[in-house]
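Have a look at the structure below before the remarks.
The values are calculated or read from the model by the stated rules, or taken from the named source; none is laboratory data. The structure displayed is predicted, hence computed values, not measured ones. Here Cβ is always computed from backbone atoms with ideal geometry, including for glycine, and neighbour counts include all displayed protein chains. To get the accessible areas, we keep the full protein, side chains included, count just its heavy atoms, and leave off ligands, DNA and RNA. Shrake-Rupley method; radii C 1.70, N 1.55, O 1.52, S 1.80 Å.
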Amino acid sequence: MAIISSRDADHPQQGTQPRKVRKESKEPLEATPDSQPQNLAAPDPLLLRVENAPKTGEDLLQPQAHPAEGQEESLRPRTLAEYIGQTELKEVLAIVIAAARSRQEPLDHLLFYGPPGLGKTTVAAALAAEMGSQFYMTTAPALESPRDIAGYLVRLKRGDVLFIDEIHRLPKVTEELLYPAMEDFRLDITIGKGRSARMTSLPLERFTLVGATTRVGALTSPLRDRFGQVQRLRFYEPDELVQIVMRTARLLNTSIDPEGAAEIAQRSRGTPRIANRLFKRVRDYAQVRGDGHISQAVAAAALELFHVDPMGLDWTDRKLLTMLVEQFGGGPVGLDTMAAVTGEDPQTIEEVYEPYLLQIGYLQRTARGRVITPAALRHLGYEAQSPLPLWS
Ligand SMILES: Nc1ncnc2c1ncn2[C@@H]1O[C@H](COP(=O)(O)OP(=O)(O)OP(=O)(O)O)[C@@H](O)[C@H]1O
Ligand SMILES: [Mg+2]
């Protein structure tokens with residue numbers, strides 16, 4: 001499977017499996033599946049990490065990819081069997097794949113959504129690999145002009161997978177070209193300009209569009225409706241994150257015990273990308289301060305040094321929760337009030353912060369607003385105080 005992506009080309013490839021990579025040019029028509037790899041001479045990974053890696057606990061806990069994190073590609077599971085967790089999603093995909101294969105048809109268009117770092121890109125690439133398809137990867141903001149998307153579409157062969165990341169950010173003209181392409185496998189193009197301009201349609205092969213977004217609500221309904229399947233990725237359970245950390249340790253030849261992995265997992269906000277990032281910091285610490293082995297004590301000491309909260313809370317989570325306690329007696333408080341008081345954007349609170357706080361049971365959503373839970377109060381050290389009005 002060749003993977004053609006603009007992002008890949010920006011990162012040194014350090015995996016064991018050589019992958020074909022081509023830098024996405026302004027002329028996507030020129031990129032061909034059998035392009036030669038770029039010169040991938042990688043800078044010293046440790047140097048890269050030390051110079052560019054996020055340093056504070058806050059940065060370490062950001063779910064978005066850090067531009068300097070070059071090793072992410074090599075840690076991506078390549079197949080669904082290797083892909084840990086998301087059991088229901090994998091079950092659905094296994095059925096879809098088996099059905100498409102038995103009919104000898106390409107997969108229906110698929111949309112994956114969920115918070116950053118949960119494995120949307122990874123699952124899309126694994127899907128293409130399972131189907132034995134070519135995987136083309138791009139991101140919506142890169143598809144500025146009709147020419148960009150047309151370049152991809154005309155190149156796709158039957159069954160190929162076109163992956164568009166951040167699909168909620170598609171420019172309008174591009175999105176409109178996609179409607180007939182997705183539905184009728186047809187590319188409508190305008191030839192010429194002014195009064196002599198005329199429309200023509202080109203037939204396309206039956207390809208599969210896979211979209212990924214962190215903001216499914218921001219997709220227009222005509223676009224959303226053209227996906228045969230819309231699948232949500234959920235946060236990972238601690239035991240799944242333990243498996244992910246153990247796998248990463250194996251791939252990076254690091255000695256770790258399950259308790260050490262559990263300590264990292266616990267602080268990873270249910271997110272594999274954060275788990276892998278914390279793992280790398282702990283590995284540095286174990287090499288410098290210890291004998292290289294990651295035990296629970298080593299992981300805890302390292303993460304404390306990097307100011308990573310034991311439950312993975314960051315400054316904004318804490319601010320939201322303390323505000324609830326100190327200004328509103330624990331809630332209920334409406335989203336807009338929370339946004340006004342903390343100075344955060346309501347959408348960011350709803351899409352980035354709340355899902356994790358709800359997942360770990362630190363926040364509850366009620367009809368009258370958000371309410372803090374006793375578990376959150378204990379974590380923040382309020383337990384010694386008299387009961388809040390909410391429970392009195
Ligand atoms: N199920 C999984 N098993 C093991 N590792 C995983 C899994 N899902 C994700 N990862 C790891 O987490 C990293 C981030 O995953 P990925 O890039 O697919 O997330 P994403 O949802 O596409 O994020 P974004 O919204 O930022 O694009 C991957 O490099 C991979 O190493
Ligand atoms: Mg992604």
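General remarks:
- Looking only at the range 261-307, and only at residues there that are open to solvent by 20 Å² or more (accessible area, probe 1.4 Å) and among the hydroxyl-bearing types (Ser, Thr, Tyr), the one that is farthest from the chain's Cα centre (by Cα): 295
- Among the residues of the range 231-244, those identified as touching a strand residue (DSSP E or B) at 6+ places or on another chain (Cβ under 9 Å) and crowded, with 16+ Cβ neighbours inside 10 Å are 231, 233.
- Count of the range 203-230 residues which are part of a strand (DSSP E or B), farther than 11 Å from residue 109 by Cα and open to solvent by 10 Å² or more (accessible area, probe 1.4 Å): 1
- Pick from the range 40-83, criterion near ligand 1 (Cβ under 10 Å from one of its atoms), more than 24 Å from residue 313 (Cβ to Cβ) and modelled with pLDDT of 70 or more, ranking: most open to solvent (accessible area, probe 1.4 Å): 82
- Residue match in the range 107-115 (condition: under 20 Å from the mean Cα position of the chain (by Cα), modelled with pLDDT under 95 and open to solvent by less than 40 Å² (accessible area, probe 1.4 Å)): yes
- Members of the range 224-237 that are within 14 Å of ligand 1 (Cβ to nearest atom) and over 16 Å from residue 351 (Cα atoms): 231, 236, 237
- Of all the criteria given as (1) within 16 Å of ligand 2 (Cβ to nearest atom); (2) modelled with pLDDT of 95 or more, the one not satisfied by residue 182 is (1).
- Among the residues making up the range 263-310, those that are of a type in the set (D, E, K, R) and within 16 Å of ligand 2 (Cβ to nearest atom) are 273, 277.
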